[in-house]
Amino acid sequence: MLVLVNGKANTQASALDRGLLYGQSVFETIAVSNSKACLLELHLKRLLNGAGALNIPICIDEVMADIDLALAHAELSRAVLRVTISMGEGGRGYLDPINAVPTRVISLHAYPTHDEAYWSEGINLGVADIRLSHQPALAGLKHGNRLEQIIARSQWQPDWQEALILDQNDCVVEATQSNVFIVKDDLVSTPKLESAGVAGVAREYIISQLDSLGMRFESVSLSVNQIEAADDVFLSNSVIGIWPVKQFRSKIYSSLKTSHKLLKLMIKNEVIPNYKA
């Protein structure tokens with residue numbers, strides 16, 4: 001594993017960093033395929049948007065130089081690149097520092113090992129007990145406070161590969177580490193992210209491709225009952241691409257047509273690594 005802190009090989013950041021003290025940071029988890037950062041433009045767009053919302057200044061040229069340096073060390077055909085930008089040091093208290101010097105942490109990791117059946121045959125999906133809080137000011141952002149997701153992950157049962165997370169109104173928002181889509185007839189739906197949740201880069205890419213595939217799309221409030229009634233359910237993030245859902249509670253999904261069509265498209269367009277590599 002390679003770790004760069006502010007462009008230098010290092011595994012230590014300041015104990016006074018506001019990312020550590022208060023979670024004032026944003027991050028991106030980027031799939032790497034043959035030394036290329038997949039969907040990099042969309043990742044950088046979201047990184048800048050999140051940093052702006054948290055008042056973190058970013059020099060994108062410095063970030064790109066760090067990314068290029070990390071990718072030069074990507075020896076395997078598949079890897080995962082994490083880009084974290086925090087506010088940096090700023091003393092005690094919640095007030096932003098006047099002349100903030102952000103901290104850049106870039107790390108390169110091995111690609112996760114998963115059973116190929118998760119892509120080809122689908123996964124088992126559960127529901128976490130924790131409910132996401134409503135906070136429109138943070139909705140959609142990939143910020144450094146992941147406590148709700150950490151608690152949700154601890155609630156998985158042994159036979160689950162992912163779990164839905166609901167909001168305070170019992171609407172489906174996302175899964176622990178992925179976004180959620182359902183298909184009914186030729187309509188693809190995904191939850192609104194106006195009050196909670198992360199607007200995934202893979203989610204954005206998938207939505208952009210649906211019209212060319214002749215499929216209708218809507219962003220709506222989704223219930224658990226709609227998940228069970230769907231013809232096809234799939235999850236997305238920028239590392240795995242798409243995992244079809246094989247079973248949710250007692251419902252077994254027989255149609256994975258849309259899931260597989262989109263997965264093949266993402267692999268063909270080289271926006272995710274090939275899971276068979």
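The values are calculated or read from the model by the stated rules, or taken from the named source; none is laboratory data. All figures in this text were calculated on a predicted structure; none of them were measured in a lab. Neighbour counts are summed over all protein chains in view; Cβ atoms, including those assigned to glycine, are modelled from backbone coordinates with ideal geometry. Ligands, DNA and RNA are stripped out before the accessible areas are found, and what is left, the full protein with its side chains, is counted by its heavy atoms. Shrake-Rupley method; radii C 1.70, N 1.55, O 1.52, S 1.80 Å.
Worth pointing out:
- The condition of being closer than 19 Å to A117 by Cα, in a helix (DSSP H, G or I) and within 18 Å of the chain's Cα centre (by Cα) does not hold for S236.
- Residues of segment 3-20 satisfying the condition of being surrounded by fewer than 18 Cβ atoms within 10 Å (Cβ to Cβ) and not small (G, A, S): V3, N6, K8, N10, T11, Q12, L16, L20
- Residue satisfying condition, being open to solvent by 60 Å² or more (accessible area, probe 1.4 Å), outside any loop (DSSP other than H, G, I, E, B) and not acidic (D, E), within set R203, R153: R153
- Index of the failed condition, D61 passing every other in (1) open to solvent by 80 Å² or more (accessible area, probe 1.4 Å); (2) more than 16 Å from the chain's Cα centre (by Cα); (3) closer than 30 Å to E228 by Cβ: (3)
- Annotation note: Cβ proximity below 7 Å between a residue of segment 37-50 that is without any contact (Cβ under 8 Å) to a residue 12 or more places away in the chain and a residue that is open to solvent by 10 Å² or more (accessible area, probe 1.4 Å) (sequence gap 6+ or interchain) occurs for no pair.
- Taking every residue in segment 51-76 that is hydrophobic (A, V, I, L, M, F, W, C) and pairing it with any residue that is open to solvent by 70 Å² or more (accessible area, probe 1.4 Å) and part of a loop (DSSP other than H, G, I, E, B), at least 6 positions away or on another chain, the pairs with Cβ-Cβ distances below 9 Å are A53/A137; A74/N34.
Yes/no per residue for (1) of a type in the set (A, V, I, L, M, F, W, C); (2) part of a strand (DSSP E or B):
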position: I165; (1), (2): yes, yes
position: E174; (1), (2): no, yes
position: V180; (1), (2): yes, yes
position: E194; (1), (2): no, no
position: I207; (1), (2): yes, no
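- Positions within segment 26-58 being more than 12 Å from V271 (Cα to Cα) and either aliphatic (A, V, I, L, M) or open to solvent by less than 10 Å² (accessible area, probe 1.4 Å) (or both), in sequence order: V26, E28, L44, L47, L48, G50, A51, A53, L54, I56, I58
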